[in-house]
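J.: I have a structure I would like to understand better, so I am pasting it below and will then ask my questions one at a time.
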Amino acid sequence: MGELERVRLRDLEELMTAVPELLDRIREHLSALGRPAAADLVRPGLSADDLNQALGDVPDGVRDWFSWCDGTRRRAGQTVGDATFIPGYIFPSVAEARSVRQLGNSDLDAMGEWVPLLVSASADIYAAVWRQGAFVGVAGVLMGAETEIEFLTVEEMLQVQLAAYENGAYCLDGGEFEVDDGLLDEAYRQVTGREPLE
């Protein structure tokens, strides 16, 4: 590798966020738990050009999210539980994320531009939100609850999810992927230094 190629590679690495590394670590936890989604997330992501064409100009954390993997692979006989990235939520493809965004959401639309990063079967989502190029945060959209920014960055959201895997908040109970809410709140406090939203 020539000097110019090394400089370009270093420049590219400096542009990358911690998102791909955190996603790799979460996939390792899914694999250790024997979750089918671990194998279903081994798909190529989109190039920056393809992502820009599909979603427009997105923040770096969103770019790295969808360049890591273009969503959970769909297969015959797959259940929603099999496809979950964290309990209750699936890692969507860019096409799925775009479809959700096109449906609109009045709360998110009022916050700025947005794209879902995680979606549930009940239409709950975690969405990256930005305005005029400045990242606002990751909003939790839960049916019947106020839409609020829960995480300041995509990395922070993933760090909380990783901590939840590590402290046992995300676990198997009788083969079902479950959440221990108390331990999840503890993971949130540990990572963010803030109290979880009510």
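J.: Take the Cα gyration tensor of the stretch 16-129, multiply each eigenvalue by 5, square-root it, and list the three semi-axes largest first, rounded to whole angstrom. Present the calculation step by step, with values, prior to reporting the outcome.
T.: Details: eigenvalues 100, 57, 31 Å².
Whole-Å semi-axes of the equivalent ellipsoid: 22, 17, 13.
J.: Another question, then. Keeping all protein chains in place, calculate the accessible area per residue for the stretch 34-129 (probe 1.4 angstrom), answer in Å².
T.: 42
J.: Averaging sequence separations of C-alpha pairs under 8 Å and six or more residues apart, then dividing by the length of the stretch 87-176, give the relative contact order as a whole percent. Provide the component values of the computation, followed by the final result.
T.: On the way: 122 pairs, mean separation 16.4, N = 90.
For the stretch 87-176, the relative contact order is 18 percent.
J.: Could you order peptides 50-56, 93-99, 131-137 by the average number of other Cβ atoms within 10 Å of their residues, highest first?
T.: Working: 50-56: 15.0, 93-99: 17.6, 131-137: 12.7.
Highest to lowest by the protection proxy: 93-99, 50-56, 131-137.
J.: Moving on. With a ≥ b ≥ c taken as the square roots of the eigenvalues of the C-alpha gyration tensor of the stretch 40-198, please select rounded if a/c is under 1.5 and otherwise prolate if a/b is larger than b/c or oblate if it is not? Don't skip to the end; give the middle numbers.
T.: Numbers: a/c = 1.59, a/b = 1.16, b/c = 1.37.
Oblate shape, in that a/c is at least 1.5 and b/c is the bigger or equal ratio.
J.: What ³J(HN,Hα) values, in whole Hz, does the Karplus curve 6.51 cos²θ - 1.76 cosθ + 1.60 give for the stretch 125-131 when θ = phi - 60°, with x put for Gly and Pro?
T.: 9, 10, 10, 6, 10, 9, 9
J.: Karplus couplings for the stretch 73-88 from phi (6.51 cos²θ - 1.76 cosθ + 1.60, θ = phi - 60°), rounded to Hz, Gly and Pro as x?
T.: 4, 9, 9, 4, x, 5, 9, 4, x, 5, 8, 6, 8, 10, x, x
The values are calculated or read from the model by the stated rules, or taken from the named source; none is laboratory data. Here the structure is a predicted model, which is why all the values come from computation and not from measurement. Neighbour counts are summed over all protein chains in view; Cβ atoms, including those assigned to glycine, are modelled from backbone coordinates with ideal geometry. Note: accessible area is taken over every heavy atom of the protein model, side chains too, but ligands, DNA and RNA are not part of it. Shrake-Rupley method; radii C 1.70, N 1.55, O 1.52, S 1.80 Å.
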